[in-house]
Amino acid sequence: MKKLADAEKRDSLFVGTLAKGLRVLRAFDESNTEMSLGALAERTGMDKSAVQRLANTLHVEGWLNKDPATRRFRPSHAWLELAYAYYWSDPLVGAAMPKLIELSRSLGETINLAEISGDHILYVSRLPCHRTYFAASIIGRRLPALSTSVGRAMISTWSEEEREIAITTWPLKVFTPRTTQDRDQIRANIADAAAQGFAISRDQMILNEIGIAAPIMGPDGRALAAVQCSVSAYAWDDERIRRKILPMLLDTANAISPHARG
């Protein structure tokens, strides 16, 4: 609540009630897909009576569905409509899709397009392969940028000052027993990516999964997006990755880059 009060003091155009409503919407994620008023109050840090008014308004306006029996709330189809509007507003996604499809068909492996979203990456396009599990096929998934090959590939194109701020202050999260928590190791990985023009990660999100990512350069030579290929370590070794995947991945990223300059 203090953060909202501070924002209102700094900006006379800030609408606190709207911000609180958005906080209710943001309470939903992959681990909290359906919630009672009590759970929403706990997740948002607001009192139950305020949450009740906000959730009811969002229900009436079509942003939340409410189960008549359990009275629990969950996201409505309106969220998909908003995602649809976003896709039309982001020219990079439309321009990249034919090239991503071609890469996916050529390699037969999972292909992702990701963009930077604060200190996380956000998957904006995903083309799964036969072995892809459900969570890895859904657009809109956010992950800590430092823990992903796409995040490291993008950060590697930034200035040394920007890179250091990200490496020292951005959050880390453990996904597997081998998820890197050593910031010095991450710093070295990003330095390698800067020198090579691509990033490779292993066992960060899923054990025995390798992520290979190439940055999509913007007009200032700074990447805000990247294309990634995810493969199984059981089927791919370093030599084969460098021989078969990397040339096509880099060609795809370079082909998409002019559209990132629009």
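The values are calculated or read from the model by the stated rules, or taken from the named source; none is laboratory data. Bear in mind the structure is a predicted one, so any value in this text is a computation, not a measurement. Note that we place each Cβ from the backbone using ideal geometry, even for glycine, and neighbour counts take in every protein chain shown.
If we scan region 198-208, do we find a residue that is touching a strand residue (DSSP E or B) at 6+ places or on another chain (Cβ under 8 Å) and charged (D, E, K, R)? There is at least one residue in region 198-208 that is touching a strand residue (DSSP E or B) at 6+ places or on another chain (Cβ under 8 Å) and charged (D, E, K, R). Any residue that is within 20 Å of Val93 (Cβ to Cβ), assigned by TED's automatic domain parsing to the domain that holds Ile116, small (Gly, Ala, Ser) and modelled with pLDDT under 95 - is there at least one of those in region 196-216? No, every residue in region 196-216 fails to be within 20 Å of Val93 (Cβ to Cβ), assigned by TED's automatic domain parsing to the domain that holds Ile116, small (Gly, Ala, Ser) and modelled with pLDDT under 95. Among all residues of region 241-252, there is none that is part of a strand (DSSP E or B) and either without any contact (Cβ under 8 Å) to a residue 12 or more places away in the chain or surrounded by fewer than 22 Cβ atoms within 10 Å (Cβ to Cβ) (or both).
Scanning region 221-237 for residues that are in contact with an Asp or Glu (Cβ under 8 Å, 6 or more places away or on another chain) and of a type in the set (S, T, N, Q), which turns out nearest to Ala95 (Cα to Cα)? By that ranking, first place goes to Ser230. Within region 157-210, the set of residues being within 19 Å of Asp238 (Cβ to Cβ), in a loop (DSSP other than H, G, I, E, B) and among the small types (Gly, Ala, Ser) comprises Gly197 only.
Counting just the residues of region 54-72 that are exposed (fewer than 14 other Cβ atoms within 10 Å of the Cβ) and over 23 Å from Ile139 (Cβ atoms), which one comes out nearest to the chain's Cα centre (by Cα)? Before you say what the answer is, go through the steps one by one.
The first filter runs over region 54-72 and keeps only residues exposed (fewer than 14 other Cβ atoms within 10 Å of the Cβ), leaving 60-62, 67-71.
Then drop every residue that is not over 23 Å from Ile139 (Cβ atoms), which leaves 60-61, 67-71.
Working: Val60: 30, Glu61: 27, Asp67: 29, Pro68: 33, Ala69: 34, Thr70: 32, Arg71: 31 Å.
Looking at the filtered set, the residue picked out is Glu61.
Checking region 125-143 against the condition returns no match, with no residue being among the β-branched types (Val, Ile, Thr), modelled with pLDDT of 95 or more and touching a Leu at 6+ places or on another chain (Cβ under 9 Å).
Here's the yes/no breakdown for (1) in contact with a helix residue (DSSP H, G or I) (Cβ under 9 Å, 6 or more places away or on another chain); (2) farther than 19 Å from Ser106 by Cα; (3) among the aliphatic types (A, V, I, L, M):
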position: Thr176; (1), (2), (3): no, yes, no
position: Ala223; (1), (2), (3): yes, yes, yes
position: Val227; (1), (2), (3): yes, no, yes
position: Val231; (1), (2), (3): yes, no, yes
position: Arg242; (1), (2), (3): no, no, no
position: Thr252; (1), (2), (3): yes, no, no
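Scanning region 40-66 for residues that are in contact (Cβ under 8 Å) with a residue 12 or more places away in the chain and farther than 22 Å from Leu82 by Cβ returns Gly45, Met46, Ala50, Gln52.
Among Ala114, Ala153, which is the only one that is within 18 Å of Asn254 (Cα to Cα), of a type outside the set (Ser, Thr, Tyr) and outside any helix (DSSP H, G or I)? Going through Ala114, Ala153 in turn, the sole match is Ala114. Scanning region 73-121 for residues that are crowded, with 17+ Cβ neighbours inside 10 Å and of a type in the set (Lys, Arg) yields a single hit, Lys99. If only residues of region 178-232 that are under 16 Å from Glu162 (Cβ atoms) and of a type in the set (D, E, K, R) are counted, the one that is surrounded by the fewest Cβ atoms within 10 Å (Cβ to Cβ) is Asp220. Glu34 falls short on exactly one of the conditions (1) modelled with pLDDT under 95; (2) among the acidic types (Asp, Glu); (3) closer than 23 Å to Arg141 by Cβ, and that condition is (1).
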